[in-house]
Every structure is written in structure tokens, then in C-alpha cells.
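Participant: Please see the structure below; I have some questions.
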Amino acid sequence: MLIRHCDVLIVGGGTGGCAAAIAACREGMTVVMTEETRWIGGQLTSQAVPPDEHPWIEAFGCTASYRDFRTRVRRYYREHFRLSAAALGDPELNPGTGWVSKLCHMPEVGVAVLTDMLAPFVEAGLLTVLHQTAACGANVLTETDVLSSAERPIVATNVITAVPLINLIHGELTEVRAKFVLDATEMGEMLPLCGAEYRVGAESRAQTGEPNAVSGEPEPENIQGLTWVFAMQFDPEGEDIIPKPAMYDFWKAYQPTLWPGPLLGRVDLNPITNQPREIPLMSGDWLNFFRYRQIAAPSTFQDPAQTLPITIVNWPMNDYFTKPTLDLSQAALSARLSEAKNLSRSLLYWMQTELGYRSLNFAPGATGTADGFAMTPYIRESRRIEAMFTICEQHVSADANPGTDRAPSFPDSVGVGAYRIDLHPSSNGKSYIDTSSLPFEIPLKALVPVRMQNLLPACKNLGVTHITNGCYRLHPVEWNIGEAAGALAAYCVKNELTSQAVAISAEHTQRVQSALAGRGVELQWPDVQLKPL
């Protein structure tokens, strides 16, 4: 077995993992980052989800490195594509013209930009990226273990000493021995592997005091649905109907108890009111599902006739919430992910055959795959660490904080974010929770586990609840969480401290905050008029 040594191991190369790698390498750390697919970037790339962002994103409310990513995406289009005069002259170019975001771009552009951002650290020998690689265990020191050093014996408890990794293609094993381990996986997969305390599903109101928490006992199976996203193109000359999916008859007849009709139907639910609504699939104005997450628009390019409109199908009709998808055997998880992909395939077949949209079909290659599906499903809700501080609904909701334009400040803030509390239907039959929130901060203590000394979350697996996951899971927030985790790990390694020692010390916390601010991380919202979202 190959053995690697590094300062920081980042398990998961998604949005938060990439940001963590940038932050740790900037501080001179040696870093190994794993990624289960061929593409780094997670939500931005391999999951093919255009960035969900707040209305101030062009001016403030994100880290300097995330802003750099956005700037580079626009620059990449200007340098590598023949754009129309209007697109070339637009400082806020939205290549796909989708209305979910001000920057709907092709996933492959995100991969190219992220790879370019990480390249200097790879070339300097600080960063090693292991593609198509996953963690398959963890070695943890317990209360009875003793480490010896040249200077003195050190009693170390609750410390991850090594993480075995497996190459998913060839099966080779590598053991990485790191001083700090960051879990940047989409489902919080390192948490059970190392025995960390974590939460799954919905907490009870008695646990958190949240108005929207469940009223009875905690519900571990109350987990937001995931979506296996696909890219879909509109080709006026296309007439090919895909083969009938194996589960199509099931999905065509399927009507969840919370839904106003069949899931594959024209009518879905308004997430805010939970009342029936109908948004057209295609129409003459912007309010239609095709334009929602459109990532390629003919009008962006110099020769519109050479470009087909392409959209990302991440819609209510292909949310998979029939069964939970956390804390399962690998076989059970694989079966449910297969069902999720079959639901998405059935949605396209339904649109072609029932609605008559024969010009719609998969967009092969748009997601780096031969069939147009994302490389991996879009995961909304992860396992979450038991943290020194848990962010609850009352810390961020507009209803709980009337008369103010921002959420209460945290003295240990390591970043900011803004998005509605947006929960999709859950695997135990609970419907949307979509309620107004205030622009919020990210407290350092929410990144610190209650016990594990050298483990940090680096994406949506931080100390949030089932409710607040709904506003801390989006692209710029995940990036900020990862960047803060990478900087915190570097500080701990340099100063030979545990993350808990930093969290309980005002002096150490302020030094971490100062380092983040020096790198362009906004710790508070600027003194301008904001608004509830």
C-alpha cells in the first residue's frame, strides 16, 4: 500500500473542497484532495447545478476567491468562444441567460476555471489531486493510545491518524497520514468512517426551539430529496424518442401524498405556499422551466445558428424523495440512486411522448458524459457534525428577527451568506419549507466538532440543523465554508492547536479572522441597506 504524508487531507473535491484546498495551500500547507469523479467542483460542475446566489453577489457578499472564480468564468467565455457583440460588452455576462442565477455557465467551463485556479499549487508541489478516489476508512486514536515523539511522549485522543483511500477504477489502496482531515464529501461520508458525532434528518422542536422543526420526536428519515440532474437541448430538427425507461410506468402513475397530481405532471407545488401552481415548460417570456437553468443560449454567440439552447433539468418533477438516501449500505444507496436517475430519464420520456416535445432530448457531452446526465447526483442534505455551536432557524429567519435587514452577528464569524430557508420535499413525506431569511454570518464554532480534534467540515456538513441547511447549502456559502475550514486547518497545523482550542480562545479566533479578512473573506455584511430574502 502506498503511504502519503501531508499537512491537510481534503476528502471530496467539490465546491467546498476546492475552496479549502486554495485556502490551505495559500498558507503553505501540503494538501492531498480526493475526488470521486473525473471533475472537481461538485455543485458547480460534476453535479451540473448553476450557482444559486443572492441578489448582491455582483457587488459584495462572497469571498474574494469566489469572486475570482466568477470573473474567470466570464473571462473564459470571452477568450475561448466567439461571442456576440452584446455578450462581449456585457460586464455581467450570463452565458446561458438562465434566470436562476446571474452566471449560468457550462459545467466544463467551471472545471477549466477551477483547474486553472489550483494549478499554481499543483506546480509548486503543495497540492495533489487524486481523481476517482474515495475514502474507505479511518484510523483514530482513542483514550488509550499514546504517540511518541523525539521530544516527549504525547497522549493524543480523538485524532485521525490515517485515512485509507481507494481508487474507484483500479482498486489500488493509498493511506494518507495527515495532520488535519477535512470532510468535503457530499454526504458527510467521513463522519461515520471516523466515528464522529453527527446528525441525520430533522431535529425536533424540543431539541432546537425552531418554529419549523418537527413537533414530536426527531425524524432521521426526514431528509430532503436529491436530484439526478441532466442537460437537455432543444433541437427543432430533432425527432428521436428515447427508449422507454424501465420504471416509466411506475413513475408516470406515481403521485406523492403531498402532491396535487402525478409527479410527472404539469402542476406542481408553490414551495412558499404549498399550493398548486403551473409553470409552463416553454413559453415566449422568461417564466418557464426551460429558461430556469439554461446554460447555453444562442444569443450569447456570434453565430446563433451553431448553438442549440441547453438547459439543466433540476425541476420539482425529478426530485427523488421517495426513500431516504443517508446511512445506507452501499448496495441500498446504489439502488436508490439508480431509481433517481430513472425518474429523470422518465421525465424526459414523458415530455417527449405525453406533451409532444419531440424536439427535446439529452445534450450529450454538456455534462462531461455520453448521455447528458451529471456525473453524480445533486445532494441537498448531508450528515451534519455535532458542532460546538449549531445554527438554528431563529439565528437567521426574518420572522424571528423583525425590524432588521440582517441576521444577528456572531463574534466568531468566518464569512457571510444569504439565501432563503429553502427545503425540498423529504423522504418521509414532508413537503417544502420555504421561508424568508436574513443575510447571515458563518460562526467558526459551527465548523468545530464537539470531540474530534483534527476533523473539520468543509461544505454543507457543518453545524446546521435540517432547517438551516436550507440556506447554508448553496454555492457561495459552501465555498466560504470550505475556505474558512482550509484556513482554520492551516492555522491549527502551524500553531500545533486543535480546532477546539482555537474556538474557545478569543485571541486565536481573532487571528484566524484576521487571516481570512486579509485574503478577502467578508466577515460581516457591509453597512448598506439589505433586505430579507
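Participant: Do we find that GLY195 is over 25 Å from the mean Cα position of the chain (by Cα) and open to solvent by 30 Å² or more (accessible area, probe 1.4 Å) in this structure?
Facilitator: In short, no.
Participant: Do you know which residues across the range 397-426 are of a type in the set (Val, Ile, Thr), in a strand (DSSP E or B) and either in contact with a Leu (Cβ under 8 Å, 6 or more places away or on another chain) or within 18 Å of CYS62 (Cβ to Cβ) (or both)?
Facilitator: VAL414, VAL416
Participant: Identify the single condition in (1) open to solvent by less than 20 Å² (accessible area, probe 1.4 Å); (2) of a type outside the set (A, V, I, L, M, F, W, C); (3) without any contact (Cβ under 8 Å) to a residue 12 or more places away in the chain that TYR378 does not satisfy, given that it satisfies every other one.
Facilitator: TYR378 satisfies all of (1) open to solvent by less than 20 Å² (accessible area, probe 1.4 Å); (2) of a type outside the set (A, V, I, L, M, F, W, C); (3) without any contact (Cβ under 8 Å) to a residue 12 or more places away in the chain except (3).
Participant: Of the residues that sit in the range 337-374 and are hydroxyl-bearing (Ser, Thr, Tyr) and surrounded by fewer than 22 Cβ atoms within 10 Å (Cβ to Cβ), which one is farthest from PRO316 (Cα to Cα)?
Facilitator: So the residue we want is THR369.
Participant: Quick check on my filter: what residues within the range 82-128 are open to solvent by less than 20 Å² (accessible area, probe 1.4 Å), over 21 Å from the mean Cα position of the chain (by Cα) and of a type in the set (A, V, I, L, M)?
Facilitator: Within the range 82-128, LEU83, ALA87, LEU93, LEU127 qualify.
Participant: Next up: So, in the range 402-429, how many residues would count as being more than 30 Å from LEU488 (Cα to Cα) and open to solvent by 20 Å² or more (accessible area, probe 1.4 Å)?
Facilitator: Within the range 402-429, residues that are more than 30 Å from LEU488 (Cα to Cα) and open to solvent by 20 Å² or more (accessible area, probe 1.4 Å) number 6.
Participant: In the range 288-303, what residues are touching a residue at least 24 places away in the same chain (Cβ under 8 Å) and in a loop (DSSP other than H, G, I, E, B)?
Facilitator: ARG293, ALA297, GLN302, ASP303
Participant: Got a sec? Which of ILE442, ILE481, ILE467 is among the β-branched types (Val, Ile, Thr) and more than 21 Å from ALA23 (Cβ to Cβ)? Outline the logic, then answer.
Facilitator: On the way: ILE442 fails: more than 21 Å from ALA23 (Cβ to Cβ); ILE481 fails: more than 21 Å from ALA23 (Cβ to Cβ).
Going through ILE442, ILE481, ILE467 in turn, just one is among the β-branched types (Val, Ile, Thr) and more than 21 Å from ALA23 (Cβ to Cβ): ILE467.
Participant: Another question, then. Residue check, ALA487 against (1) assigned to a helix (DSSP H, G or I); (2) under 25 Å from ILE57 (Cα atoms); (3) open to solvent by less than 10 Å² (accessible area, probe 1.4 Å), all met but one. Which one?
Facilitator: Single failed check for ALA487: (3).
Participant: Can you tell me how many residues within the range 405-431 are more than 23 Å from THR227 (Cα to Cα) and in contact with a strand residue (DSSP E or B) (Cβ under 9 Å, 6 or more places away or on another chain)?
Facilitator: Of the residues in that region, 12 qualify.
Participant: Tell me which residues, restricted to the range 427-438, are touching a Ser or Thr at 6+ places or on another chain (Cβ under 8 Å) and not in a loop (DSSP other than H, G, I, E, B).
Facilitator: Answer for the range 427-438, where residues must be touching a Ser or Thr at 6+ places or on another chain (Cβ under 8 Å) and not in a loop (DSSP other than H, G, I, E, B): THR435, SER437.
Participant: Answer with yes or no whether LEU264 is part of a helix (DSSP H, G or I) and touching a residue at least 12 places away in the same chain (Cβ under 8 Å).
Facilitator: On the way: part of a helix (DSSP H, G or I): no; touching a residue at least 12 places away in the same chain (Cβ under 8 Å): yes.
No; evaluated as a whole, the condition is false for this residue.
Participant: Still on this structure: Could you please let me know if GLU441 is of a type outside the set (Gly, Ala, Ser), in a helix (DSSP H, G or I), buried (at least 21 other Cβ atoms within 10 Å of the Cβ) and out of contact with any Asp or Glu (no Cβ under 7 Å at 6 or more places or on another chain)?
Facilitator: Against the criterion (of a type outside the set (Gly, Ala, Ser), in a helix (DSSP H, G or I), buried (at least 21 other Cβ atoms within 10 Å of the Cβ) and out of contact with any Asp or Glu (no Cβ under 7 Å at 6 or more places or on another chain)), GLU441 does not qualify.
Participant: I'm trying to understand the selection: among the residues of the range 381-396, which are open to solvent by 20 Å² or more (accessible area, probe 1.4 Å) and either basic (Lys, Arg) or not in a helix (DSSP H, G or I) (or both)?
Facilitator: ARG383, GLU386, MET388, PHE389, THR390
Participant: Now a separate question. Looking for whichever is among the aliphatic types (A, V, I, L, M) and crowded, with 22+ Cβ neighbours inside 10 Å here; the options are VAL450, VAL493, VAL477, VAL528. Which one fits?
Facilitator: Checking each option against the conditions leaves just VAL477.
Participant: When the range 162-187 is examined, which residues are found to be among the hydrophobic types (A, V, I, L, M, F, W, C) and under 22 Å from GLN47 (Cβ atoms)?
Facilitator: LEU165, ILE166, LEU168, ILE169, LEU182, ALA184, MET187
Participant: Would you be able to say whether some residue in the range 311-327 is without any contact (Cβ under 8 Å) to a residue 40 or more places away in the chain and open to solvent by 40 Å² or more (accessible area, probe 1.4 Å)?
Facilitator: no
Participant: Restricting to the range 507-517, and then to whatever is free of Cβ contacts under 8 Å to residues at least 40 places away in the same chain and open to solvent by less than 70 Å² (accessible area, probe 1.4 Å), can you tell me which residue is nearest to LEU488 (Cα to Cα)?
Facilitator: The selected residue is HIS508.
Participant: Taking into account only those residues within the range 282-299 that are more than 26 Å from the chain's Cα centre (by Cα) and surrounded by 14 or more Cβ atoms within 10 Å (Cβ to Cβ), which is nearest to GLU354 (Cα to Cα)?
Facilitator: So, considering only residues that are more than 26 Å from the chain's Cα centre (by Cα) and surrounded by 14 or more Cβ atoms within 10 Å (Cβ to Cβ), the one nearest to GLU354 (Cα to Cα) is MET282.
Participant: May I ask you to say which residue of THR30, THR34, THR63 is within 24 Å of GLY368 (Cα to Cα) and modelled with pLDDT of 95 or more?
Facilitator: Just one listed residue meets the conditions, THR34.
Participant: So which residues in the range 169-192 are over 17 Å from ASN454 (Cα atoms), outside any strand (DSSP E or B) and either in contact with a strand residue (DSSP E or B) (Cβ under 6 Å, 6 or more places away or on another chain) or open to solvent by less than 30 Å² (accessible area, probe 1.4 Å) (or both)?
Facilitator: MET187
Participant: Another question, then. Which of the residues that make up the range 18-73 are open to solvent by 10 Å² or more (accessible area, probe 1.4 Å), outside any loop (DSSP other than H, G, I, E, B), closer than 21 Å to ILE442 by Cβ and among the charged types (D, E, K, R)?
Facilitator: ARG26, ARG67, ASP68
The values are calculated or read from the model by the stated rules, or taken from the named source; none is laboratory data. As the structure is a prediction and not an experimental result, all values here were calculated from the model. Here the Cβ is made from the backbone with ideal geometry for all residues, glycine too, and neighbour counts use every protein chain on show. In case anyone asks, the SASA skips ligands and DNA or RNA and just uses the protein heavy atoms, side chains included. Shrake-Rupley method; radii C 1.70, N 1.55, O 1.52, S 1.80 Å.
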